[in-house]
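The values are calculated or read from the model by the stated rules, or taken from the named source; none is laboratory data. These figures come from a predicted structure and were not determined experimentally. For neighbour counting, all protein chains shown are included, and Cβ atoms are generated from backbone atoms with ideal geometry for every residue, glycine included. The accessibility values were calculated without ligands, DNA or RNA, using every heavy atom of the protein model including side chains. Shrake-Rupley method; radii C 1.70, N 1.55, O 1.52, S 1.80 Å.
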Amino acid sequence: MIPTQVDQITVDWLNEHLGDDIGTIVEVAIEHIGEGIGILGEVARLTLTYADQHSGPATLIAKCQSIHPENVAISQLMGFYEREINFYSNVATKLTVRTPHCHIAEMADGGAPFVLVIEAIEGASMIDQVVGATLEESQAIARTVAALHADYWETDALHAMTWLPPMNNDLYKGAGALVASNWAEFVDTWSSSVPPQVIDWCAQLTPRYPQMLDWWTHNSPGTFTHTDCRAENYLFGGSAGDDVVTMLDFQLSTRHVGTWDIANFLGMSVTVANRRAWEHDIVTHYHDELVAAGVVGYDFATCWRDYRYCLLHQAWAQVAVANIDPGNERGRVLLNEFVMRSFHAAADNNSGEFLSEF
């Protein structure tokens, strides 16, 4: 049985699936965590008691599908759960960046239900995304994603991952239908709060969206992108090591331009004022780290251009996901910040001027 909710994880199930590397578990306590963080899935901490003391980790993290059927349906359609299971099964141990050790990664046909049981990084700190990241935290995440991108920068291994979709896959190209269905409600809700020119750019982008994705694929190098590079998917320090950044949550991973992750982070996980003050320095830092890791043929001008493209795309994407159930009040606040921050980031960088390119 694959649990559909974390509360279905039992002592017997854990003993059956964890294998011989961990001792016999006699009790498990389940604590739901990540309020307002896990929109596409449930996340919980498992506190374990063993028959023999010190025969395994005291805690593990479990992840299952969302409790909201509409979010599960979207995740299955887009292959989100399948990607994360494949990531932990095939990629995680090959990276230079730190990810949690995976103990169990299983899913049913069709991608749901799924269950993931991974290492708990104890004592680590997490950025409160509503508050926003600091300059030092932003620099650390730029270094981390640059290392991930350099590992797979237009490599054969990248293109061999048949489960990892390119950003211009047919499902994503069809996202214009989601935007069209959400458009009237989105404009009614947000038109008085966000820069009006960005709403106009999003309207212009919708019929051109497939062409934009193809343009990007043919005009910039691809790599393995986290694609959900927001503050609360990164842990700092703790049991992973004092200066270690641990990367979490790979459900949205794609083959895409690396600057998506930098734009995703700066455009949604940093306050508007701080992003305005730091963004050029952070993008420069990211590019410098790519070059230091051996990436060639990608100059800073192209990197900055791609960053600005990504800001337009991410503002538009907020319309596509406007009907996702945030689960609770904090999730609602977080989604509102996504809209406000991403629309201002696109406006500040005049990202709409690129609409004529595709």
Looking at the chain only, what percent of DSSP beta bridges run antiparallel? Nearest 5 please.
95
Which value in Å is the Kirkwood Rh of the stretch 134-262 over different Cα pairs?
16.8
Averaged over all viewing directions, the convex hull of the alpha carbons in the chain casts a projected area in nm² of 17.2
Which FRET efficiency value, to the nearest 0.05, is calculated for Asn169 and Ile33 with the Förster distance at 25 angstrom and r the Cβ-Cβ distance?
0.20
Helix 196-219: inclination vs the chain longest Cα principal axis, degrees, rounded to 10, gives 70
Compactness index (Cα Rg / 2.2 N^0.38 Å), the stretch 126-198
1.64
Quick one: length gained pulling Gln204 to Asn350 fully straight, 0.36 nm per residue minus the C-alpha distance?
51.1 nm
If you line up the long axis of helix 259-268 against the longest principal axis of the chain, both from Cα atoms, how many degrees apart are they, to the nearest 10?
90
Total charge of the residues flanking Glu357 in space, meaning their Cβ is under 10 Å from its Cβ, with Lys and Arg +1 and Asp and Glu -1, is +1
Which length gain, in nm to one decimal place, applies between Val11 and Tyr50 when the Cα-Cα distance is subtracted from 0.36 nm times their residue separation?
13.0 nm
Considering the dipole of the chain built from charges on the beta carbon (Lys and Arg +1, Asp and Glu -1) around the Cα centre, which of Ile33, Ser239, Ala293 is farthest to its positive end?
Ala293
Against the longest alpha carbon principal axis of the chain, how many degrees, from 0 to 90 and to the nearest 10, is the axis of helix 80-90 turned?
60
Where labels lie 7 Å past Cα in the beta-carbon direction, separation of Thr271 and Glu106 in nm
4.7
Accessible area of Glu353, 1.4 Å probe, to the nearest 10 Å²?
100
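Could you size up the charge dipole of the chain around its Cα centre, putting +1 on the beta carbon of Lys and Arg and -1 on that of Asp and Glu, and report it in debye to the nearest 20?
Roughly 880 debye, rounded to the nearest 20.
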Evaluate the distance, in nm, between pseudo-label points positioned 7 Å from the Cα of Gln197 and of Met1 along their respective Cα→Cβ axes.
5.8
Residue among Leu355, Ala317, Leu135 farthest towards the positive dipole end of the chain, charges placed on Cβ:
Leu355
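For the chain, which whole-number percentage of the solvent-accessible area (1.4 Å probe, protein heavy atoms only) is attributable to carbon and sulfur atoms?
50
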